[in-house]
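Chemist: Before anything else, here's the structure in question.
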């Protein structure tokens, strides 16, 4: 087991290195570089000297490989992700501020998604091909088919017109005011969770269907056990194993991708940080976000894989 | 008989009520306390930097509550107070509405050209634990702040070239020695974008860290959540006072001012509707009507966008080097219809390069010569004639770059394109992402057509930055050495009245030469709930600096409770 | 040898009716919802292909005097803020969605198949390295990659098609690989190998036909996914730029701006989008159930 973990972590390193290099270079190739953007703020034309001066101040005048080396070195040895080109504040500060927010939103969305998907999936499986099954499945796919930004907009706008109420948009950290924090996050996480639930519901349903046909279930029926016991104790546990893997697959979305919800519900998360950084060409922030997100997702996947082994005794790690 | 008496009684009753009403309004006593939640003009943008040495345009907007400057707007001349200025302009103050903020009085002298400024006495920096103790502002602070700006690696080259040196000749006396006069001297370091006075202690502790900032202004920065909000708390030892109905009140009235950063339009409109925002300064014309219907209690003001809209034509390429072609395209676009049908009347036909708010510099369209007025009259036949004369009887096609980040432009450009197609001119629209779009202009590699809007800034800069050779905001690549010389002369002219004459002539000239297809400028709305008092839509008291305005606002908390919010 | 290969066709004809008709019959009998989805899907395809003939007005016919007219006989879906007919714009939107959806889904499927088959069949070190690369790729959130890529290549339809295709293709290769791995252990593959058939022949004649089921299902659901993804990008300002009337663009642009003055501006493209995505999902589900129960509820 330990050997497996060590091997997986070691395998992460070249992947991260490779990915970070690609991101580092790509980001600097985006047309419209940050110097142009900064200079365009001014109403006085910049001479060549102005450009060079700015480049030097931002450390962008050095050759690419040197910049990359410096960046990697700073991260590995000092945990320093560099400074934002615009705010001149440490990138790590911004990342530390935004990551928990995104993580919290993702976690809540995951919980909502699972709470919706698993009961619907189980119900659909037990009552297969009944109208109940169709309704449940239709509802789930409908959640997927309506674009999340549209749902979010409707939830934001229409209650304000009908009842003069709108979801809270004031961000407070969880540590300062847990209730205020949750009341802001609950609606976007419900919307996000319902959209995610469609896929999990489908998987739960098919897994349950397969498991329910198995011999050991038939034995349980024959023994005279009640439906609830059969489903909960025997079928569910086995059916949920691939669902756990699915959590790992959805991790990227949860960690970095809730941009749309963040924008509509004014949640200062990683998604908006990246969006702003890209439009402003804030290279250190962009590469920092990519790196953190990549690491976070890989770690989550590792945990998921390990738990898969715990849940299913048939799986052994060579 | 009875009717007359009855009517008279009604009339006097009404008059009495009206009088009482005005008396009430006059005697409305400001209340202290409360919080103001604001969606500012830049509601979608979070603070970019808190350090003046970063030379960031948005700085004043976020730091203007705590960092003060030498000069600021004289708000007693606002329309609300019976004056003639609305204070909407984003980077212009009328020269007779400037008041000394940290400066008390200032005197010019010649040989050498010098400006001697006497600072106010008794202006205190509040204590900031870990950064500085409470102390008085002195001339040394001004000198330090200026030199820090000049020595910053991010500074704009040439911005302070006209200043020879700055020195403190007394505890409260600062002397600026100039190499030569610059008409924008007070804009450059006075009330402009880069005029902030930062104390040495803050710079030593690290001026980029928002937790260290400390200034003499009406508020202090108590919290900053990037991408979400800026919270400003009352500075109890602020020096300024305001006289209302003969009574002097210590400023500020509010306990807290909170800037909310909200990227999404639907969300910030909703926030205003449900009173999560007390004041929203930037409402698009398309949303205003709706808001008036759903929330009739709101109070409104309307201002003309401080930004001209146009399609720039590269005059260094064919066929735009021919002035007939440029004039033809202007006449081919039905600008009146754009105002009426596209903007629903919420736009002005003629508001660029000079802005109608620039009293003394702006000349309305009716005062313009026929050659200019012609450009704003829809005349597709004449357009086709001119095109034929210039050698394009069948029209031609050209590429236009536009920013996909601006939804208004993405709708307006196809409309303009439809008009031009009617005279045979086809547009090839190339949408570009924001930074790439700007970069095309700054590197002077933009397409022959470039659809954009550009801030007016102020009467002198609006001409210089767009029509002088090789300037940054000159996408049409307009270059006329004679014109450049006239602009340079304009900058050296010390007498404002003479300058105004020069600027008017320059404006007429560039309008006639028409390097752009001039387009209408839309109106923008500001709305606030009735419990926000001491306010009538003023936006800036310096370059993008609303600080002094918020200091004079107050919240009627009883009214707010009565309205159930 | 040839006869051995002949007997391993994916869907052996069992009835006198053709296999396709038989399949359609099963679809309508056993999976009514999926059948409804299929009908909508075909309707969508039809509208997309014949949009030019069906649309009463042009795609970008601006008439400012007709702005914001509610639905009427002249304009069944109303007009937008520039006076353009919404029905025509939605039909052209269908055309764009068909193009973007099918092309991107097509590219994605080709990539998935290629990577999946090559990686799954060859196995060994090659498989390991490739899977690590796929791991790395999949650990980055889709939207983040899209944001950066669209900023680099700029807004435009071909760029979005290629980007979405690449993204979904690499992710989908996992599923195909799984199917390939289970197929390659089959008897007839071993038989083919022992008779000395070339790798290419084995891939083409034995592996590929047997993974067609997941491929078809993947393609169908991908069309819906792509349309949804483009709408999300439009909201962030990174989709196909106006005046192109993609449903996502219409919904997130004038649909949201004028949603109170003209609800039909959002209702029309919104319903189109939702119904089509819903339909493709139901259809894909039904296909999966009928063709290949082996596909364990994968994406």
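Chemist: Determine the relative contact order of the stretch A:1-95: mean sequence separation of Cα pairs under 8 Å and six or more apart, normalised by residue count, in whole percent.
Modeler: That works out to 14 percent.
Chemist: Taking other Cβ within 10 Å of each residue's Cβ, how do C:129, C:162 sort, fewest first? List each step's numbers first, then the result.
Modeler: Details: C:129 11, C:162 15.
Listing C:129, C:162 from fewest to most nearby Cβ atoms yields C:129, C:162.
Chemist: Continuing with the same structure: From zero outward in steps of 10 Å, how is the percent of C-alpha pairs of the stretch B:274-330 spread across the bins?
Modeler: It works out to 16, 32, 14, 17, 15, 5, in whole percents.
Chemist: Would the stretch B:342-484 count as rounded, prolate or oblate if I go by the C-alpha gyration tensor, calling it rounded below 1.5 in a/c and otherwise prolate when a/b exceeds b/c, oblate otherwise?
Modeler: Taking the square roots of the gyration eigenvalues as a ≥ b ≥ c, the stretch B:342-484 is rounded.
Chemist: At a 10 Å Cβ-Cβ cut-off, how would you order B:223, A:133, fewest neighbours first?
Modeler: Ranked by crowding around the Cβ, least crowded first: B:223, A:133.
Chemist: Between residue A:177 and residue C:261, what is the spin-label point distance in nm, taking each point 7 Å from the Cα along the Cα→C-beta axis?
Modeler: Between residue A:177 and residue C:261, the simple spin-label model gives 3.6 nm.
Chemist: Tell me, what is the percent relative contact order of the stretch B:184-288, built from C-alpha pairs under 8 Å that lie six or more residues apart? List each step's numbers first, then the result.
Modeler: Working: 106 pairs, mean separation 15.9, N = 105.
Reported as a whole number, the value is 15 percent.
Chemist: How high is the relative contact order of chain A, in percent, with contacts defined as C-alpha pairs under 8 Å that are six or more residues apart?
Modeler: Answer for chain A is 26 percent.
Chemist: How much length is gained if the chain between residue A:5 and residue A:210 is pulled fully straight, taking 0.36 nm per residue apart and subtracting their Cα-Cα distance, in nm to one decimal? Don't jump to the answer; show the numbers that get you there.
Modeler: Details: separation 205, 0.36 × 205 = 73.80 nm, distance 3.13 nm.
The span from residue A:5 to residue A:210 would gain 70.7 nm if fully extended.
Chemist: Averaged over B:147-155, how many beta carbons belonging to a partner chain fall within 10 Å of each residue's beta carbon?
Modeler: Mean partner shielding for this stretch: 2.
Chemist: Could you sort the peptides B:390-397, B:361-368, B:86-93, A:53-60 by per-residue average Cβ neighbour count (10 Å cutoff), highest mean leading?
Modeler: On the way: B:390-397: 13.8, B:361-368: 15.2, B:86-93: 23.2, A:53-60: 17.0.
Answer by packing, highest mean first, reads B:86-93, A:53-60, B:361-368, B:390-397.
Chemist: Which shape class, rounded, prolate or oblate, goes with the stretch A:59-144 when its Cα gyration tensor gives a ≥ b ≥ c as root eigenvalues, a/c under 1.5 marks rounded, and past that a/b bigger than b/c marks prolate?
Modeler: Cα axes put the stretch A:59-144 in the prolate bin.
Chemist: Determine, from the Cβ-Cβ distance of residue B:104 and residue B:299 and an R0 of 41 Å, the FRET efficiency 1/(1 + (r/R0)^6), rounded to the nearest 0.05.
Modeler: With R0 = 41 Å, the Cβ-Cβ based efficiency is 0.70.
Chemist: Once you have the Cα-Cα distance between residue C:185 and residue C:153, take 0.36 nm times their residue separation minus that, and quote the gain in nm to one decimal.
Modeler: Details: separation 32, 0.36 × 32 = 11.52 nm, distance 4.28 nm.
Gain on stretching residue C:185 to residue C:153: 7.2 nm.
Chemist: FRET efficiency for residue B:494 and residue B:536, Cβ-Cβ distance as r, R0 = 30 Å, nearest 0.05?
Modeler: 0.30
Chemist: Show log10 I(q)/I(0) for chain A at q = 0.07, 0.10, 0.13, 0.16 Å⁻¹, two decimals, from a solvent-free Debye sum over equal Cα scatterers.
Modeler: Result of the Debye calculation: -0.40, -0.75, -1.09, -1.32.
Chemist: Related question: Which FRET efficiency value, to the nearest 0.05, do you get for residue A:138 and residue B:422 by plugging their Cβ-Cβ distance into 1/(1 + (r/R0)^6) with R0 = 45 Å?
Modeler: Using R0 = 45 Å, I get an efficiency of 0.35.
Chemist: Run the numbers for residue B:204 and residue B:177: contour at 0.36 nm per residue of separation, minus the present Cα-Cα distance, in nm. Write down the numbers at each step before the final one.
Modeler: Numbers: separation 27, 0.36 × 27 = 9.72 nm, distance 2.71 nm.
Net length gain for the segment: 7.0 nm.
Chemist: Additional query: Evaluate Rg over Rh across the stretch C:23-117, taking Cα atoms for both radii and Kirkwood's formula for Rh.
Modeler: 1.15
Chemist: What share of Cα pairs, in percent, lie more than 32 angstrom apart in chain B? Before the final figure, lay out the partial values.
Modeler: On the way: 80768 of 159330 pairs.
Tail of the P(r) past 32 Å holds 51 percent of the pairs.
Chemist: Related question: Pairing the Cα long axis of helix A:131-145 with the longest principal axis of chain A, what angle in degrees results, from 0 to 90 and rounded to the nearest 10?
Modeler: Helix A:131-145 sits at roughly 0 degrees to that axis.
Chemist: Report the label-to-label distance for residue B:482 and residue B:397 in nanometres (one decimal), using points 7 Å from each Cα along the Cα→Cβ vector.
Modeler: Result for the modelled spin labels: 3.8 nm.
Chemist: Continuing with this model, one more query. If I fit a long axis through the Cα atoms of helix C:32-49 and take the longest principal axis of the Cα atoms of chain C, what angle between them do I get, 0 to 90°, rounded to 10?
Modeler: The angle comes out at about 60 degrees.
Chemist: What does the stretch A:143-286 give for Rg and for Dmax, in Å, if only its C-alpha atoms count?
Modeler: Values for the stretch A:143-286 (Cα only, Rg and Dmax): 20.9, 67 Å.
Chemist: Could you state the angle between the C-alpha long axis of helix C:124-138 and the longest principal axis of the C-alpha atoms of chain C, as a value from 0 to 90 degrees rounded to the nearest 10?
Modeler: Approximately 20 degrees, to the nearest 10.
Chemist: Taking the alpha-carbon centroid of each part, what is the distance from the stretch C:238-257 to the stretch A:60-121 in angstrom?
Modeler: For the stretch C:238-257 versus the stretch A:60-121, the Cα centre distance is 30 Å.
Chemist: Oh, and also: Order these peptides, C:65-75, B:53-63, by their mean beta-carbon neighbour count within 10 angstrom, highest first.
Modeler: My ranking of the peptides, most packed first, is B:53-63, C:65-75.
Chemist: Would you please classify the overall shape of the protein assembly as shown from the alpha carbon gyration tensor, given that a ≥ b ≥ c denote the square roots of the eigenvalues, rounded means a/c under 1.5, and beyond that prolate means a/b larger than b/c while oblate covers the rest?
Modeler: It is prolate, given that a/c is not under 1.5 and a/b is the larger ratio.
Chemist: Here's another thing I want to ask about it. Within 10 Å of each residue's Cβ, count the other Cβ atoms and sort C:247, A:163, B:529 from fewest upward.
Modeler: A:163, B:529, C:247
Rule-based calculations on the coordinates, nothing more; no lab input. Every value quoted in this text rests on a predicted model; they were computed, and no experiment measured them. Cβ sites come from the backbone with ideal geometry, for glycine too, and all protein chains shown count toward neighbours.
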